[in-house]
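Below is one structure; the comments refer to it alone.
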Amino acid sequence: MAVRRENGAGTKPRFDESRCRWWQKISYTDNAGVKRRKTIYGGSEGECKQNAKTFIKNVDDGLNVSAEKMTVKQWLITWLKTYKKPALEITSYAAYEHQVDYHIIPKLGGITLKNLKRVQIQEFFNEKAKSLSPGTLELIKAILVNALNMAVIDGYILKSPAVSIKLPAVKGKSVKPLSKDEISKLLKAASGKRIYSLIYLAVYTGMRKGELAALKWSDVDLKGRKIHVRNGVKYNRTEKKYQIGSTKTPAAVRDIPISKAAVAELKKHKARQSKERLALGDDYGNNNLVFATEDGGVWSLNSVALQFSALVKQSGIDKRTFHDLRHTFASICISQKVNIKALSEYLGHSNITITYDVYGHLLPGDKEDISDTITNYLAGI
């Protein structure tokens, strides 16, 4: 909306001796059509005039000057409640809110939205990269980019400062797949325990921990030897409990074939679970979960991780995390020359590059295979 300055309403710049600065009043019509007056300041007469011109141009370009003192914190809170809360499931919204409250606001929240600079955002990420994982940094960046883009649309700023922000390279933790002997030792240590079948299926399918914890019997086709991955268990920070929600990404929703060995183990597990259900009767939760607590409830992912760590220690193998079972599955498949695109879809990756970058580690013996391949090819020269 064009700014309209009334005849005689504006004043010439004047010098305020008590404050040692120049000032002038201007009239303008805001983007709601309301006529207003504003005092403009500057360190010199020329600066005062330039600030007035800049202000008029910003209003003319659609800037919502009624919120020019809005801070990054105030906008993020508004953005979350207005735009994200209605669109996200409760666990995802809680994750967004957590990143805003614990990471963004403490560092950037006090800055006026219109004064937020790209360099400040880049410095923020450079610092956060020292303590946060690449995945968390990506989420925080997505939050800031989306929130600031919406601030532009709503007229609170003219352009987003979150342009061309580069996430610092983060050296990932050294993760190595389990060897065949280590897998055997781990399964032996888990034998007879509730977590055994969950670990077994992780080894034989590469499914994520949250996907396994959310798996229902209605998603398992034992006859057709197929699993329908539809959900994931997530931690709800608001309600402080684990609950079933969406998968990690849309690509994670998939159907995967399973081996006869996995089917046989699931059948044995189902028989054991049926005995528990009969013993508890109505006290057993009606969740139809494949892997559940003693009373049929959703299994805490933290509990799974702790039990797994105890078994790793008991088995005598090198320290590992539950996610290393997925890494092991993928690495074995790559080592056995499985089609990489098919493997990427099986794992639920959004693109094939992730499969190469994350799970393309060489297993012991692979380097020797390469050497043998070259030797065989060049034989006779």
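Tabulated results
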item	result
Computed magnitude of the charge dipole of segment 97-220 (debye, nearest 20; Cβ of K, R +1, Cβ of D, E -1)	440 debye
Top of P161, P257, P177 by mean-square fluctuation, Gaussian network on the chain, Cα under 10 Å	P257
Top positive-direction residue, dipole computed over segment 132-219 with Cβ charges, set P161, V203, S191	S191
Accessible carbon and sulfur surface of segment 1-151 relative to its total accessible area, %, 1.4 Å	49 percent
Semi-axes of the equivalent ellipsoid for segment 104-172, Cα gyration tensor, largest first, Å	22, 12, 10
Span-rule helices in the chain, defined as complete DSSP H runs reaching 20 Å or more along the axis (Cα) with Kyte mean at least -1.0	134-153, 260-280, 301-315
Semi-axis lengths, Å, segment 33-101, gyration tensor of Cα atoms, sqrt of 5 times eigenvalues	37, 14, 9
Per residue accessible area of the chain, 1.4 Å probe, in Å²	57 Å²
Inter-probe distance in nm under a simple model that places probes 7 Å from Cα toward Cβ, at K38 and V152	2.1 nm
Full-stretch length increase - I354, T293 - with 0.36 nm per residue and alpha-carbon distance subtracted	18.7 nm
FRET efficiency for K240 and E47, using Cβ-Cβ distance with R0 set to 56 Å, rounded to 0.05	0.60
Contour minus Cα-Cα distance for K260 and D30 (0.36 nm per residue)	75.8 nm
Label corresponding to semi-axes √(5λ) of the Cα gyration tensor in Å when calculated from the structure given, among (i) 57, 27, 18; (ii) 30, 27, 19; (iii) 42, 25, 21	(i)
Residue with peak Gaussian network fluctuation, the chain [Cα springs, cutoff 10 Å], from A162, A305, A342	A342
Sulfur and carbon atoms: percent of accessible area, segment 196-315 [1.4 Å]	50 percent
Förster-model FRET efficiency, 41 Å R0, A169 and R21, C-beta, rounded to 0.05	0.35
Positive-end extreme of charge dipole, the chain - chosen from G296, W22, M150 (charges on Cβ)	W22
Residues A342 and S179, FRET efficiency given R0 of 22 Å [Cβ-Cβ distance, rounded to 0.05]	0.35
Cut-off under 5 Å, modelled amide H: who pairs with G232 long-range	G245, S246, T247
Gain upon complete extension [W217, K12; 0.36 nm per residue less C-alpha separation]	66.0 nm
GluC sites (Glu not before Pro) within segment 264-303: DSSP coil, no more than 16 neighbouring Cβ in 10 Å	E294
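The values are calculated or read from the model by the stated rules, or taken from the named source; none is laboratory data. Owing to the predicted nature of the structure, the values given are computational and were not obtained by experimental measurement. Cβ atoms come from the backbone with ideal geometry, glycine included; neighbour counts cover every protein chain shown. Keep in mind that these areas ignore ligands, DNA and RNA; they rest on the heavy atoms of the full protein, side chains included. Shrake-Rupley method; radii C 1.70, N 1.55, O 1.52, S 1.80 Å.
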